[in-house]
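Some notes on the structure that comes next.
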Amino acid sequence: METKTMIELLRNTDARRLEFRRRFERSLHYYRNENDITLRNAGESKVKPDGKDELLRHADNRVSSNYHQLLVDQEAGYLATTPPAIDVENTALNDALKNTLGDNFNLRLEQLVVDASNAGMAWLHYWIDEDQQFRYGVVPPDQVTPIYSNDLDRKLLAVRRTYQQLNPADGKSYYIHEYWTDQDVTAFKSSAHDYVDLQTIDDRFSVTDVSTGETIGTSNVYQHGFGRVPFIGFPKNKLQRPDLFKYKGLIDVYDNVFNGFVNDINDVQQVILVLTNYGGTDLDELMQTLKKDKAIKMDSIGPGDKSGVDKLTIDIPVEARDNVLQRTDSKIFVDGQGINPVDFKTIGNASGTAIRALYGHLELKASITEAYFRDALNELVRAMMNWLGVADANSRPISQMWTRTAIQNSLEQAQVVAQVAPYSSSEAIAKANPIITDWQQELVDRQADMMRVDVHEQPGENQASAGSVEQD
């Protein structure tokens, strides 16, 4: 791509990119427990009993509640702690895909769930490294600006990736702009916000001689050879909106009421004395008299005189505020489709049905996330199969088995498995067994155990036969 064309593309996609980044950063603030209540403290929760210079209102406590991080991590742990088992109807190919996904697949999947919850869309990028191995990684969502086709298929035509990078040669930080298509990537850099200084990075990629394999130069263009844009989007929902939109207002209400409550607790200790016809002129003398004699000298002019001492204090509507906090807390978990940790105290030795009911809202949210993640994960698996040289990589059936990580009545589930075992296949039993985490490996191990039993029993049969021949 020419530099002039790239400048136009950057300018035309900036508004969409900046709006996406703004939403993502707001979610990140709440995920890091830097709610709006802490804006005055630069995102830090602080207790300030003497934060304001007012007559009765001195306290200015600003402590944020960590609801958003709890709800996001709750879904990520429930959905992605155990990675989905991939089955392409070929044992050897299943093992090859499992090795390519690597040991950290579940951690990357959890990060994708967290990013999708905070941004509405998470992104994964794959490439071939210098050792010709398939690699993939999670890209921060605010770095990626996708460009789709205008038809109903909304095919990914290209990706703009923008991020900051320090140049060790001059010690300056530049914006790196990569433009990815289904054939290649072109790299640019700039420092001005309007891109007037945009230029190609001519030493970004090495150019290799195909026949000799030797490096013959550098270029700002790299032919990746995938035949598709090597970025995969993982949407959170149909509208690709962050989860925070569903309950941010409720969290802000809770923070305001809670901190107002704490402020009142601090300020209630402040008592202001109102003196009428005080028989003195020195306030220091008044305080010393109170400490010593526990009395105040007043001047009275006779019957009907209003001389005396009153006090100004703050009344705290405890019951009303408790009611608001409880209702808001409950609604946050309802609107956020999560589980209030307090509810776990009530389940005890509950049945499987009762436990599933507790997870109902979370399961609904996780199921929607899984539905959108399935298509994205299939695309990653097909890219791996193409790299492995599978002939029908783009059409081979792919099945995914997702496992939820939740509290469960394992005894009840094991009893169900035992009852249906005589009428079920080995695969179905392995999948439903509550003590098994990898059902495919369980089938392999079970087959190996059966083979060892057969080998052990065979010599005994031969010996028995030989003994009978000798007797005859």
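The values are calculated or read from the model by the stated rules, or taken from the named source; none is laboratory data. A quick note: this is a predicted structure, and the numbers were derived from the prediction, not measured. Cβ: placed from backbone, ideal geometry, glycine included. Neighbour counts: every protein chain shown.
Checked against the criterion of being of a type in the set (D, E, K, R), over 30 Å from residue 72 (Cβ atoms) and either modelled with pLDDT under 85 or surrounded by fewer than 13 Cβ atoms within 10 Å (Cβ to Cβ) (or both), the candidates 322, 343, 310 yield just one match: 310. Of all residues in the stretch 117-131, one or more are assigned to a helix (DSSP H, G or I), surrounded by 19 or more Cβ atoms within 10 Å (Cβ to Cβ) and among the hydrophobic types (A, V, I, L, M, F, W, C). Looking at this structure, is residue 9 in contact (Cβ under 8 Å) with a residue 12 or more places away in the chain, buried (at least 16 other Cβ atoms within 10 Å of the Cβ) and under 30 Å from residue 447 (Cα atoms)? The answer is no for residue 9.
Quick one: what pairs do we get from the stretch 17-34, first residue farther than 15 Å from residue 247 by Cβ, second among the acidic types (Asp, Glu), C-beta under 7 Å, 6+ apart or different chains? Close Cβ pairs (under 7 Å, with a partner that is among the acidic types (Asp, Glu)) amount to 20/142; 21/142; 24/142. Identification of helices (runs of 4 or more DSSP H) wholly contained in the stretch 3-112 with 1 or more residues that are of a type in the set (Lys, Arg) yields 3-31, 91-101. Return yes when residue 65 is modelled with pLDDT under 95 and under 27 Å from residue 113 (Cα atoms) and no when it is not. Considered against the rule, which asks whether it is modelled with pLDDT under 95 and under 27 Å from residue 113 (Cα atoms), residue 65 comes out as yes. Only one of the numbered conditions (1) crowded, with 17+ Cβ neighbours inside 10 Å; (2) touching a helix residue (DSSP H, G or I) at 6+ places or on another chain (Cβ under 9 Å); (3) modelled with pLDDT under 95 is not met by residue 179, and that is (3). Go through the stretch 166-187 and give me each residue that's free of Cβ contacts under 8 Å to residues at least 24 places away in the same chain and closer than 20 Å to residue 224 by Cβ. Result: 178, single match.
Among the residues of the stretch 413-429, not a single one is under 28 Å from the mean Cα position of the chain (by Cα), within 19 Å of residue 78 (Cα to Cα) and either at pLDDT below 75 or among the hydroxyl-bearing types (Ser, Thr, Tyr) (or both).
The residues of the stretch 163-183 that are under 18 Å from residue 232 (Cβ atoms) and of a type outside the set (Phe, Trp, Tyr), listed by number, are 178, 181, 182, 183.
Among the conditions (1) touching a Pro at 6+ places or on another chain (Cβ under 6 Å); (2) modelled with pLDDT under 95, the only one that residue 27 does not satisfy is (2).
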